[in-house]
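K.L.:
My structure is below; once you've seen it, I'll send some questions.
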Amino acid sequence: MRPVDQTVFGVPGGNCFSACVATILECDLTEVPYFMGGPEEWERDGGKWWERFQAWLEPRGLAADYYQPGKNCARKHRPNFPHLLGGRSPRDLLTDEEKLALGIVMPAGEDLLHSVVAVGHEVVHDPHPSRAGLLDHRDFIVIRSIHDRPGFSYDASDSAAHDVGGEA
């Protein structure tokens, strides 16, 4: 793993997710596009970032699986290798005025989300310069070879590896 920091901040446009992908794949941030799209993409195609992400991974021989603890995997299970972890950003605690000054424009009632890289339950790289991590852990994404079946190994007791399967 080679830590890569985000270079663009705010919503929309912050590239924390792309920086996490570059970190895990050990490539330059310039090689990883911004998958989330701007307001016009969300208006046109419902923000099909996941499809854009999968399409970018495929020619590289990779695929991604999406997990929500408590929904499509056990709440306590996390991969024991680098993966993307998503949750609420500490910057969500800022006032509306402070968010606006940072270029964060959020619809009312929506949480400001952020991505980091984790191994197990531990954050090993936060691409934001604050290194503040996440307020909560909502979902995670495993990047794998297209030749591997969906699922991941985890260490439930620091002694035995297990396999969690399931389509993302």
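Residues are listed down the side, and each one gets a yes or a no for (1) at positive phi; (2) part of a loop (DSSP other than H, G, I, E, B); (3) at pLDDT below 95; (4) of a type in the set (A, V, I, L, M):
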residue: ALA118; (1), (2), (3), (4): no, no, no, yes
residue: VAL123; (1), (2), (3), (4): no, no, no, yes
residue: HIS147; (1), (2), (3), (4): no, yes, yes, no
residue: ASP158; (1), (2), (3), (4): yes, yes, yes, no
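K.L.:
Yes or no: the range 92-115 includes at least one residue that is under 17 Å from the mean Cα position of the chain (by Cα), modelled with pLDDT under 90 and either under 22 Å from MET1 (Cβ atoms) or of a type in the set (A, V, I, L, M, F, W, C) (or both).
P.N.:
Yes, that holds for at least one residue.
K.L.:
Separate question: Scanning for something closer than 28 Å to LEU25 by Cβ, among the acidic types (Asp, Glu) and part of a loop (DSSP other than H, G, I, E, B), does the range 81-100 turn up at least one residue?
P.N.:
Within the range 81-100, not a single residue is closer than 28 Å to LEU25 by Cβ, among the acidic types (Asp, Glu) and part of a loop (DSSP other than H, G, I, E, B).
K.L.:
For the range 1-36, give me the residue count where each residue is more than 14 Å from the chain's Cα centre (by Cα), closer than 22 Å to ASP111 by Cα and of a type in the set (Ser, Thr, Tyr).
P.N.:
Within the range 1-36, residues that are more than 14 Å from the chain's Cα centre (by Cα), closer than 22 Å to ASP111 by Cα and of a type in the set (Ser, Thr, Tyr) number 1.
K.L.:
Let me ask something else about it. Search the range 1-56 for residues being among the small types (Gly, Ala, Ser) and in a loop (DSSP other than H, G, I, E, B), and hand back the single one that is modelled with the highest pLDDT.
P.N.:
GLY14
K.L.:
Which residue pairs have Cβ atoms under 7 Å apart, sit 6 or more places apart or on different chains, and have a first residue in the range 63-90 that is in contact (Cβ under 8 Å) with a residue 24 or more places away in the chain and surrounded by fewer than 22 Cβ atoms within 10 Å (Cβ to Cβ) and a second that is of a type in the set (D, E, K, R) and not in a loop (DSSP other than H, G, I, E, B)?
P.N.:
Short answer, once both residue conditions are applied: ALA63/ARG144; TYR66/ASP139; GLN68/ASP139; ASN80/ASP155.
K.L.:
Just one of the numbered conditions (1) in contact (Cβ under 8 Å) with a residue 60 or more places away in the chain; (2) of a type outside the set (A, V, I, L, M, F, W, C); (3) in contact with a Lys or Arg (Cβ under 9 Å, 6 or more places away or on another chain) is not true of ASP5; which one?
P.N.:
(3)
The values are calculated or read from the model by the stated rules, or taken from the named source; none is laboratory data. This is a predicted model, so every value here is computed, not measured. Reconstructed Cβ throughout: ideal geometry from the backbone, glycine too, with neighbour counts over all protein chains shown.
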